[in-house]
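Below: the structure, in structure tokens.
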Amino acid sequence: MGRQLLILPNGGQGARPGFIFFGVLADEGRRGFEPEASVVLEFREKRDRMGTSPNNTPLLLLVLDACRFDYLGQGDLPWVEERLDEGFYAEKVKPSFGFCEIAELLTGVETRENGFFCQMGPAEPGETSFLLKVLAGVTAPIEGRMGEWGRELCRSVLRRVARRMDHREIYEIPAGLLGRFRATEGALDYQAPFAFGRESLFDLARAKGLEWDASAFVAFNRVAGSDRDRADRLCEIAQRAEGAPALTLGYFGDLDRVGHIYGPGSPGLRAQLKKTARLVEEVGEAFLRRGGSVLLVGDHGMLKVDEHLDLLELLGDLGRKTRIFVDSTLCRFWFEDKATQEGVEPRIREVLWPAPGFFLEEGLAREMGVPDGKDRGDLAFAANPGVVFYPDYFNRKKVLGMHGYSPEIPGQKGFCLGLGPAFAKRRVPEIRLVDVPKIAAQALGAGQVGDGVAETWVSPLYSEAAVLGEEGG
Ligand SMILES: [Zn+2]
């Protein structure tokens, strides 16, 4: 059982049409509220009586993590490929430079403006829970000397504490550094009001009094169960007797996971594409057959890795006053003070000068849409396409596929396909990832046409379409 948000009109107390709504979060009992079926039914009745029932057909927004645009067209995703001319098809989707696609997908605002750049940023004192700090402190000095089994046990304890107390993952960050970094978008409860510090797709739905179900989506940068489990969950939502909610969010992660392991174009990935294709077909059919609409999104692409670079070894010990975070394609440095920077930065530049990458100098960083602020580091070194820094603080094993390069590179791009009554038949060469929530909002009848989103992408007929679940199927 995942997370479910129900909007109750004024707590169900004699609300009038157009009156203020508020939300109650039911989160596996975490906030201690478990709505009873009668409450939900009463709400539905009231909503219908109140005339606030949405005109739109139920919409499924299904994210296919790292489904690169040109995975289509090779016969691996037949159900999707056969339908490219049946709805709104953006051949490419361009994300921002960085690692926070969820923030873009939910807020419709690019990284440069929303500020969510990397999954981890430097922590201020007090931002790490006491328990995690203590456990990390105990583990740090012995972590390197433990055998495989002992290390796994320690990491498992740290992981559980970090998830429970800090709403974060520990990935492969050394124990000694855990307290020095905090999670960014991954620490947020995406569905909470203004979770990202600005309006999200959830807020938009909330303001319109639309119900949603995100129990088959990502929460705190984690997913529950396998893609298969989530496909079953989505089919179950589509087949509900009372109809699916106005908005359902789904997430399939295997294309990203397997793409990292084997790289794009590999037999391993093509086999996975065929498996994912079957799940997409099942879920897509379940919604479309009942008159719903489906918006498929490959949020970014994947590049083949042909070089692994051990940055940490190259750099050697930079001293306690320089903090380093190694993402797979980006290495950021923070200096404790000006004197440290003046001493250490020239050394870093000299060592990395011949390395296959580039420093994100001020002008270039701005051009690439890197947001200002502490998260970008005092100095940052980015990998050239096809290069991965390894070991890094995320990957346990050497990967053969990676993303997080300049989004101008075609291989970094995903795709988008809107099917069903909500979408007009139209093909466009490229949209941005931040256009997707605007398109979804339009399809829900919940928003204005966003910047760069053509009204014709969303069918003017959608409001007259059948309501999901009314007819058998
Ligand atoms: Zn990935």
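What follows is calculated from the coordinates using simple rules that are stated; it is not laboratory data. This structure is a prediction, so every number in the text was calculated from the model and none was measured. A quick note on method: Cβ atoms are made from the backbone with ideal geometry, for glycine too, and the neighbour counts reach across all protein chains shown.
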Long-range amide H contacts for His403: which residues qualify at under 5 Å (H placed 1.01 Å from N, peptide plane, sequence gap of 5 or more or a different chain)?
Leu303
Only loop residues by DSSP count here, and only those with at most 11 other Cβ atoms within 10 Å; note down the GluC sites (Glu not before Pro) in region 51-146 that meet that.
Glu82
Taking amide H positions as placed in the peptide plane 1.01 Å from N, state which residues far from Phe181 in sequence (5 or more) or on other chains have amide H under 5 Å from it.
Ala123
Rounded to whole Hz and in sequence order, give me ³J(HN,Hα) for region 345-356 from the Karplus expression 6.51 cos²θ - 1.76 cosθ + 1.60, θ = phi - 60°, writing x for Gly and Pro.
4, x, 5, 4, 4, 5, 5, 8, 3, x, 5, x
For region 203-312, which trypsin sites (Lys or Arg not before Pro) are both in a DSSP coil and crowded by at most 15 other Cβ atoms within 10 Å?
Arg240
Could you give each residue of region 93-100 its phi-based ³J(HN,Hα) in whole Hz, using Karplus coefficients 6.51, -1.76, 1.60 with θ = phi - 60°, and x for Gly or Pro?
10, 9, x, 6, 6, x, 10, 10
Please find the FRET efficiency linking Asp306 to Lys274, where r is the Cβ-Cβ separation and R0 is fixed at 30 Å, and quote it to the nearest 0.05.
0.75
To the nearest 20 debye, what charge dipole does region 385-451 have about its Cα centre, counting +1 at the Cβ of each Lys and Arg and -1 at the Cβ of each Asp and Glu?
260
Around Tyr251, which amide H atoms from residues at least 5 apart in sequence, or from another chain, sit under 5 Å from its own amide H, with H modelled in the peptide plane?
Val63
Considering the Cα positions of region 120-183, please state its Rg to one decimal place and its Dmax as a whole number of Å.
10.9, 32
Once you place label points 7 Å from the Cα toward the Cβ at Asp232 and Asp337, how far apart are they in nm?
6.0
Once you sort the root eigenvalues of the Cα gyration tensor of region 351-442 as a ≥ b ≥ c, which label holds: rounded (a/c under 1.5), prolate (a/b larger than b/c) or oblate (the other case)?
prolate
Each residue of region 179-190 in turn: what ³J(HN,Hα) in whole Hz from Karplus with 6.51, -1.76, 1.60 and θ = phi - 60°, glycine and Pro shown as x?
x, 9, 10, 10, 7, 9, 5, x, 7, 8, 8, 3
Going through Lys208/Lys275; Lys94/Lys304; Lys92/Lys275; Lys92/Lys304; Lys275/Lys397 one by one, the pairs whose alpha carbons sit over 28 Å apart turn out to be Lys208/Lys275
Rg/Rh for region 69-149: what does it come to with C-alpha atoms and Rh from Kirkwood?
1.23
